[in-house]
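Chemist: Structure incoming, see below.
Values in this text are rule-based calculations from the coordinates and carry no lab data. Since we're looking at a predicted model, the values are computed, not measured. Quick reminder, even Gly has a Cβ in these numbers, built from the backbone with ideal geometry, and neighbours come from all protein chains shown.
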Amino acid sequence: MIVGAMILFIYAVFVLWLIWGIVKTQTFQIERSFKPQTTFSIIIPFKNEVQNLGALYHSLQKLDYPNDLFEVLMINDHSTDASTDMVRRFNEVKLLTNTGQGKKKALQTGILQSKFSWIVTTDADTVLPENWLKILDAFIQQYKPKMVLGLVNFFDDSRFITQFQQIEFLILQALTMAGLKAGKPFLANGANLAFTKEVFEQVGGYKGNAHIASGDDVFLLEKIHRKYPDKICFLKSQQAIVQTHAMSSWRHLWQQKIRWAAKTKHIKNTLAWLSGLLILSVQLTVLWAFWHYKPYAWFIAGKLFLDALLLVVVNRFYKARIHPIYFILSFLWYPFYFIVTALGAYRGKYIWKGQSY
C-alpha cells in the first residue's frame with residue numbers, strides 16, 4: 001500500500017511536470033511579415049515505400065515556398081520494390097543512392113551532397129503541410145536556433161491499433177516539450193527535424209553512433225545540446241505538423257518500438273533514464289493492481305485519472321479524435337505492451353523492412 005502510494009505520488013508529480021512543459025511551450029504565431037530567406041535542403045531516405053511516395057511527392061509539390069530557396073534530395077536505401085523507378089519520375093527531386101547501409105548513412109549521403117544552409121529531415125511515408133517551410137523560416141528568423149524539433153501526428157483512423165498509437169504518440173510529444181523546457185531534451189522525431197548544416201559538421205554528424213540502427217534524431221540532439229544547450233527550440237504550430245501513418249499490425253508495431261527502444265542503453269541523458277524507470281515502475285504496479293484488484297483499485301483509478309488529464313491537456317493543441325472507449329482499452333492494454341516491448345529491447349533483436357538487427 002505505502003509503496004503503491006509513493007509510486008502514484010511520484011507519477012502525479014511527473015504528469016504535472018509534463019503538463020507544465022506543454023503549457024510553457026508557446027504556440028508559434030507569425031506576428032509580423034517575414035520575407036522568406038532561409039535556404040533548406042530536404043533530406044528524405046526511402047526503402048520500399050512505393051505505396052507512400054505518391055502522397056509525399058504531391059505534398060512536396062504543394063509546398064508554399066520559393067523554389068530557389070529549397071531543394072529535395074531523396075536517397076534510395078537499397079529498395080527492392082519499384083520505389084526508385086517512381087522517384088526517377090519526380091520533377092525537381094534529386095535522386096541519390098545510399099553509399100552505405102542504414103538510415104544514418106542514407107541521411108549522411110544526402111547531407112554531404114546538399115547545397116543549402118539548413119537541413120530538414122523527414123520520412124518517405126509522411127505528408128507535409130503546405131506552409132511547412134514558410135513557418136519554419138519565420139521561426140528561424142525570429143529565434144535564431146541551431147536545431148528545431150518539429151511536430152508529427154498520425155492520420156485520423158477509427159481502428160483501435162491506430163488510436164492506441166495516437167495516444168502513446170501524444171504522450172511522447174509531451175515528453176519532448178517537457179524535456180526541452182527543463183533543459184534536458186532527450187526526444188526528437190526525424191520525420192520533422194531541422195538543423196544547420198554547419199552544426200551537423202561541427203558535432204561530427206552521426207560519428208560514434210552510426211553502428212546503431214535507429215536514433216539518428218536523438219543522438220544528434222544529444223550532440224548539439226552539449227555544444228549549444230540554448231540553441232535548440234520546439235516549433236509548436238498547427239501549420240507545421242507533419243502527418244504520417246500508424247503501423248497497421250501489432251507485429252510491425254512491436255518491431256518498430258523495439259527498434260526505437262533498443263537505442264536506450266546508449267542514451268546518456270539522466271532525465272531520460274529516470275523517466276523510463278518511473279514509467280516501468282508504474283506499469284509493473286498497474287499489473288500488480290490488476291492481479292490484486294480490490295485493495296489496489298484506488299491505484300488504478302488514480303493512474304487512469306492522471307492519464308486522462310494529461311491526454312486532455314496535450315490534445316487541446318493536437319485535436320486528435322480519441323474515442324473514450326479506446327482510451328480505456330489502451331489504458332488496460334498498455335502495461336502488457338510496455339513490458340513486452342521493454343523485454344524485446346533488452347534482448348536487442350528485431351526485424352525492420354526485411355533486415356535483421
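Chemist: Rank G204, G215, G102 by mean-square fluctuation in a GNM of the chain with C-alpha springs under 10 angstrom and give only the top-ranked residue.
Modeler: Judging by the Gaussian network model, the answer is G204.
Chemist: Let me ask you something else. Top mean-square fluctuation among N131, N98, N269, Gaussian network model of the chain, C-alpha springs under 10 Å?
Modeler: Its mean-square fluctuation being the largest, the pick is N269.
Chemist: Follow-up question, since we're still on this one. Going by how many other beta carbons lie within 10 Å of each one, how would you line up I111, I75, I339, fewest first? Walk me through the numbers on the way to the answer.
Modeler: Details: I111 20, I75 26, I339 14.
Fewest-to-most Cβ neighbours within 10 Å comes out as I339, I111, I75.
Chemist: What list do you get for W17, W132, W298 if you sort them by fewest beta carbons within 10 Å?
Modeler: W298, W17, W132
Chemist: Sticking with this one: Run lengths n ≥ 4 of DSSP H only: what is the helix-derived mean residue ellipticity at 222 nm for the chain, with -39500 (n - 2.57) per run over all residues, to the nearest 500?
Modeler: Theoretical 222 nm ellipticity from helices: -17500 deg cm²/dmol.
Chemist: Which whole-number percent is the relative contact order of the chain (Cα, under 8 Å, 6+ apart)?
Modeler: Worked out over the chain, it gives 22 percent.
Chemist: Sorted from largest down, give the three principal axis spans of the alpha carbons of the stretch 65-194, whole angstrom values.
Modeler: 40, 40, 29
Chemist: Rounded, prolate or oblate: which fits the stretch 117-185 when a ≥ b ≥ c are the square roots of the eigenvalues of the alpha-carbon gyration tensor, with rounded for a/c under 1.5 and prolate only if a/b beats b/c?
Modeler: Oblate.
Chemist: Ok, one more. Report, by chain and number, residues whose modeled amide H sits under 5 Å from the one on I30, excluding near sequence neighbours (fewer than 5 apart, same chain).
Modeler: Amide H to amide H, under 5 Å and 5 or more residues apart or across chains, I30 pairs with nothing.
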